[in-house]
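The values are calculated or read from the model by the stated rules, or taken from the named source; none is laboratory data. Everything numeric here is computed off the predicted structure, so don't read it as measured data. All Cβ positions, glycine included, derive from the backbone under ideal geometry; neighbour counts span all protein chains shown. In case anyone asks, the SASA skips ligands and DNA or RNA and just uses the protein heavy atoms, side chains included. Shrake-Rupley method; radii C 1.70, N 1.55, O 1.52, S 1.80 Å.
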Amino acid sequence: MPKQRLSFFAYQFDKGPVLEAALSAPIAKGNCRLAAQDFLFVFAGRYFNESELLNPGGYLTTGTFLKQAYAPDFFEGLPTGAVLYAESIRTKNGVEVDKSPSRFATRDDYLISLHTAVFIRELDDRILKILPANVVPVATNQPAIWHATVVEGATCLWTIEKFLEFYKPVAAKLFV
């Protein structure tokens, strides 16, 4: 039987993505790439391997770009399951940081630094059924962001507003 729910796990920077068999087992620790991998596996029934998810390769070759620069209307028109790439703009303590391309020696270093998350157009019944039991949904019938972040220390569901407090989206891609 296919996996029915997303995993709730503690955040650990160097844990993820995983092999397909590991997605069906309980996940104790993982990172933002694993949260995206798990979402695409549960929501779309599609397994993406490490090379398809890890940057710079994942950013450059997997899926189709929907947006490639941040603008106030960035989230408009994005479908549920769109993979978001974002620069960190604040630490978990709220201190501003600059993770723009000019701060990195190479483009690959910049791409590797990007945070990965998944856009959810609307918290409808289908999404509510796949959320882990211990994740409190934001308001239903609203957009949300599913990811794993050091800010929360675990997988989480955030409003767009909260996401924008800590991250600046730079691209959105459709993987499925």
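Here are the numbers for this structure:
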{"read-out": "Surface share of carbon and sulfur [accessible, 1.4 angstrom probe, percent] for the chain", "value": "53"}
{"read-out": "Counting DSSP beta bridges with both ends in the chain, the antiparallel % (nearest 5)", "value": "90"}
{"read-out": "For Gly63, net neighbour charge (Lys/Arg +1, Asp/Glu -1) across residues whose Cβ lies under 9 Å away", "value": "0"}
{"read-out": "Heavy atoms of Phe166 accessible to a 1.4 Å probe, total area in Å² rounded to 10", "value": "20"}
{"read-out": "Charge context of Leu40, other residues only, Cβ under 12 angstrom, K/R +1, D/E -1", "value": "+1"}
{"read-out": "Over the chain: helical MRE at 222 nm, DSSP H runs n ≥ 4 each giving -39500 (n - 2.57), nearest 500", "value": "-6500 deg cm²/dmol"}
{"read-out": "Sequence of Leu60, Leu131 when ordered by accessible area, the most exposed leading, probe 1.4 angstrom", "value": "Leu60, Leu131"}
{"read-out": "Rounded accessible area of Ile27 (nearest 10 Å², 1.4 Å probe)", "value": "30"}
{"read-out": "Given charges at beta-carbon only (K, R positive; D, E negative), |dipole| of the range 25-102 in Debye", "value": "200"}
{"read-out": "Listed candidates (1) 22.5; (2) 9.6; (3) 12.7 - label of the one calculated as mean projected area of the Cα convex hull in nm²", "value": "(2)"}
